[in-house]
1. Considering the chain, what Rg and Dmax in Å follow from its alpha-carbon atoms?
2. Per q in 0.29 Å⁻¹, report the Debye log10 I(q)/I(0) for segment 3-72, using one uniform scatterer on each alpha carbon and no solvent.
3. Below 8 Å, C-alpha to C-alpha, sequence gap of six or more: please give me the relative contact order for segment 20-75 in percent.
4. Under 8 Å for C-alpha pairs, at least 6 residues apart: give me the relative contact order for the chain, rounded to a whole percent.
5. Counting other C-beta atoms within 10 Å, and keeping those with at most 11, which DSSP coil trypsin sites (Lys or Arg not before Pro) do you find in segment 28-85?
6. Can you give the local net charge around residue 64? Use residues other than it whose beta-carbon is closer than 15 angstrom to its beta-carbon, Lys and Arg +1, Asp and Glu -1.
7. Amide H of residue 67 versus every other amide H placed in the peptide plane: which residues, excluding those fewer than 5 positions away on the same chain, fall under 5 Å?
8. Let me cross-check residue 98: its accessible surface, 1.4 Å probe, with only protein heavy atoms counted, in Å² to the nearest 10?
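The values are calculated or read from the model by the stated rules, or taken from the named source; none is laboratory data. As the structure is a computational prediction, the values presented were derived from the model and not from experiment. Note that we place each Cβ from the backbone using ideal geometry, even for glycine, and neighbour counts take in every protein chain shown. Note: accessible area is taken over every heavy atom of the protein model, side chains too, but ligands, DNA and RNA are not part of it. Shrake-Rupley method; radii C 1.70, N 1.55, O 1.52, S 1.80 Å.
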Amino acid sequence: QVQLVESGGGLVQPGGSLRLSCAASERVFRVNRMAWYRQAPGRQRELVATISRTSSTNYADSVKGRFTIARDNAMNTVSLQMNSLRPEDTALYYCYAEIWPSGGTRYADYWGQGTQVTVSS
């Protein structure tokens, strides 16, 4: 069973930076859309940024100009560079990927376990 493994969360002061990374736990046939979502306490999960296989990107208005999503198709990884962090960016961040597993017959949705980002002085 393919898993998405995230890393890079932590505690940072306002104005600081963090870089999140996410990788598939095993070789897969193909990865289509990849994305980062986040969920703050008491709020619904929201889309932060998405990237297509051809690296076309979209961002939530709240992170435009501060966050950058990137992917490596050879390694099947996705990253999120977060700059100028604000307290309102505090949330559990989830990696998402649309994956066609090796030996599979179609794409399926996969989620990481979540990594905590806390922005506080």
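1. Values for the chain (Cα only, Rg and Dmax): 14.2, 48 Å.
2. Each listed q corresponds, in turn, to -1.51.
3. On the way: 58 pairs, mean separation 15.0, N = 56.
In percent, rounded to a whole number, it is 27.
4. On the way: 303 pairs, mean separation 43.7, N = 121.
Relative contact order for the chain comes out at 36 percent.
5. On the way: sites: 30, 33, 38, 43, 45, 53, 64, 66, 71; in loops: 43, 45, 53, 64, 66.
Taking segment 28-85 and a limit of 11 other Cβ atoms within 10 Å, the loop trypsin sites (Lys or Arg not before Pro) found are 43, 64.
6. Numbers: positive: 38, 66, 86; negative: 46, 61, 88, 89.
Residues close to residue 64 contribute a combined charge of -1.
7. The list, which skips near neighbours in sequence, is 83.
8. Spelled out: residue 98, probe radius 1.4 Å, area about 50 Å².
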